[in-house]
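Student: Take a look at the following structure, please.
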Amino acid sequence: MKKRLLALSMAAIMTVGSLTACGGETPAAPAENQESTESTTSTSTTEAEPTKAPELDTTVEATDISEEVEGKVLNIYCWNEEFKSRLTDHYPGYEVVDATTGKIGDITVQWNITPSDDNAYQNNLDDTLKKQDGAADDEKIDLFLVEADYALKYVDTPYTLPVTDLGIDLSELSNQYKYTQDVMTSSDGTLKGVSWQGCPGVLIYNREAAKEVLGSDDPADVQAAVKDWDTYKATAADMKAKGYYMTATVNDTYRTFSNNVSVPWVSADKKVQVDDNIKKWVDDSKEMYDAGQIKSTENLWGEAWNTGFYPDGKVFCYFGPAWLINFCMAADVEGSIANLGGWGATEGPQGFFWGGTWICAAAGTDNKATVADIMRKLTVDKDIMVDIVKADDDFVNNQPAMEELAASDYTSAVFGGQNPLGMFAAGAKNIALDKISAYDQGCNEEFQNAMKDYFDGNSDYDTALNKFYDAITTKYPALSY
């Protein structure tokens, strides 16, 4: 099995993720909480209205960059090894020089990797982007990565280039899942970044537990036992009776609820609002934790969460996309459930998505052609994208490729020979982003942090809710409730 690179940051909860990778960060404050762009050329956010994602303007013609001279250094800013591994493993002609340096032809690739803990990645990125205009060509950011929960912070700023400015015609991207473009479409309909992956989520279940408790580990039989939340809770009681926890933490189900809300976290008049489905997550989690059906109230990525990756952890399921298995569930560790091929996948009670990593070209780059070629190779080239699936168990952003692989004899060793791509592909087509705002990561993190007191019995719900309101309005002073 090809070795999977673990993310550098495992400490902070990624309520988004590439997150796609295991680790996350609190987004820097939106525009109201930063210095003005007029005085500092800051990367502050222009907040997107929490309405339907704008339609991509497909009439824009691509810029001809064929005569532009490429710079000598390609500076890439990211927060972990995930994108680096995709480029080093799959980009034709990439040469590894050392841990932080590579070569693409005559161009030196300089990796600037800052872990996400304590918002370090975004702080470093923002500080460097502010200096972009005055920086020497070889020191300017050329390419940087963003995640779903804070992508809007960068999309509606002059610091991200339209992909058409790189010479990429939008027709080249026609096979990508629409939601991956919606994430990076500015308020005026301009596409500002692309992704090689899609992140629809599934319920990832322990096959041995399923056989012992449900009598079968077949995905259809397991789905019948988790088909809705009432059935899911009944199955949790059965799991508890046989010595299994339904999930490792209360936060394992959070994304499934937060992706199925009827209103966004922040309204058009900047008021924080807690959707009824978020409240249902609180109620169900409290009930199940008090009943001993959930192992811990700790955040994801911690010790309690990790124990379920092994048979002795006695955890039945996790909720996540392909990157969760690929980067977070100890697939390379001997004796882990993933290493033994002991996980299965089924749809679960509700469809959802989690995270994703997008490639952005920084305004001021002197390597437009190289950045464009990286985008094309990793997010358009079907052969390369299929190779990513087969080598890394990722789910890629190419609908025809995924549908072909879903109907093929492709199997996943982690999933015990199952082909999960059909359910991933079906989920990717149904992802909608009409309830996102520029404040999502902060709201998600602070809400989960505040509710821990309630789950642990150290406060009532209203006290925990007020703690959330205090935390989020401190983080984003322009918000109210």
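The values are calculated or read from the model by the stated rules, or taken from the named source; none is laboratory data. No experiment lies behind these values; they were computed from the predicted model shown. Cβ sites come from the backbone with ideal geometry, for glycine too, and all protein chains shown count toward neighbours.
Student: Consider the range 243-285. How many of its residues are under 25 Å from Val222 (Cβ atoms) and assigned to a helix (DSSP H, G or I)? It would help to see each step written out before you state the result.
Tutor: Just the residues of the range 243-285 that are under 25 Å from Val222 (Cβ atoms), to begin with: 243-260, 277, 280-281, 283-285.
Add one more test, that the residue is assigned to a helix (DSSP H, G or I), and what stays is 250-258, 277, 280-281, 283-285.
Looking only at that region, the number is 15.
Student: Residues that are surrounded by 14 or more Cβ atoms within 10 Å (Cβ to Cβ), within 19 Å of Thr297 (Cβ to Cβ) and of a type in the set (Val, Ile, Thr): does the range 234-245 have at least one?
Tutor: Scanning the range 234-245 turns up no residue that is surrounded by 14 or more Cβ atoms within 10 Å (Cβ to Cβ), within 19 Å of Thr297 (Cβ to Cβ) and of a type in the set (Val, Ile, Thr).
Student: Of all residues in the range 283-335, count the ones that are surrounded by fewer than 23 Cβ atoms within 10 Å (Cβ to Cβ) and among the β-branched types (Val, Ile, Thr).
Tutor: Looking only at that region, the number is 3.
Student: Give the residue that is surrounded by the fewest Cβ atoms within 10 Å (Cβ to Cβ), with candidates limited to residues of the range 113-161 that are of a type in the set (D, E, K, R) and assigned to a loop (DSSP other than H, G, I, E, B).
Tutor: Taking the range 113-161 first, the residues of a type in the set (D, E, K, R) are 117-118, 126-127, 130-131, 133, 137-140, 142, 147, 149, 153, 156.
Filter once more, so that each one left must be assigned to a loop (DSSP other than H, G, I, E, B): 131, 140, 142, 156.
On the way: Lys131: 12, Lys140: 22, Asp142: 26, Asp156: 20.
Top of the filtered list is Lys131.
Student: State all residues of the range 177-197 that are assigned to a loop (DSSP other than H, G, I, E, B) and crowded, with 20+ Cβ neighbours inside 10 Å; if no residue qualifies, say none. Explain how you work it out, then say what you get.
Tutor: Our first condition is that a residue be assigned to a loop (DSSP other than H, G, I, E, B); within the range 177-197, this holds for 177, 184, 186-190, 192-193, 195-196.
Answer for the range 177-197, where residues must be assigned to a loop (DSSP other than H, G, I, E, B) and crowded, with 20+ Cβ neighbours inside 10 Å: Tyr177, Met184, Ser186, Thr190, Lys192, Gly193, Ser195, Trp196.
Student: What's the total number of residues in the range 385-400 that are among the polar types (S, T, N, Q) and crowded, with 18+ Cβ neighbours inside 10 Å?
Tutor: Number of matching residues: 2.
Student: When only residues in the range 163-187 that are at pLDDT 95 or above and of a type in the set (Asp, Glu) count, which is nearest to the chain's Cα centre (by Cα)?
Tutor: Among them, the one singled out is Glu172.
Student: So Met385 clears everything in (1) in the same structural domain as Ser66 (by TED's automatic domain parsing); (2) of a type outside the set (Gly, Ala, Ser); (3) out of contact with any Ser or Thr (no Cβ under 8 Å at 6 or more places or on another chain) except one condition, right? Which one?
Tutor: (3)
Student: Please enumerate the residues belonging to the range 162-176 that are out of contact with any helix residue (DSSP H, G or I) (no Cβ under 8 Å at 6 or more places or on another chain) and part of a loop (DSSP other than H, G, I, E, B).
Tutor: Answer for the range 162-176, where residues must be out of contact with any helix residue (DSSP H, G or I) (no Cβ under 8 Å at 6 or more places or on another chain) and part of a loop (DSSP other than H, G, I, E, B): Pro162, Asp169, Ser174.
Student: Assess whether Asp381 counts as being at pLDDT 95 or above and either surrounded by fewer than 23 Cβ atoms within 10 Å (Cβ to Cβ) or over 21 Å from the mean Cα position of the chain (by Cα) (or both).
Tutor: On the way: at pLDDT 95 or above: yes; either surrounded by fewer than 23 Cβ atoms within 10 Å (Cβ to Cβ) or over 21 Å from the mean Cα position of the chain (by Cα) (or both): yes.
Yes, satisfied.
Student: For the range 291-368, which strands (runs of 3 or more DSSP E) that fit wholly inside it have 2 or more residues that are in contact with a Ser or Thr (Cβ under 7 Å, 6 or more places away or on another chain)? First the steps, then the outcome.
Tutor: On the way: elements: 294-296, 317-320, 343-346, 357-361.
Because the criterion is at least 2 residues that are in contact with a Ser or Thr (Cβ under 7 Å, 6 or more places away or on another chain), the strands (runs of 3 or more DSSP E) in the range 291-368 that meet it are 294-296, 317-320, 357-361.
Student: Quick one: in the range 65-98, which of the residues that are of a type in the set (A, V, I, L, M) and in a loop (DSSP other than H, G, I, E, B) is modelled with the lowest pLDDT?
Tutor: Taking the candidates together, the pick is Ile65.
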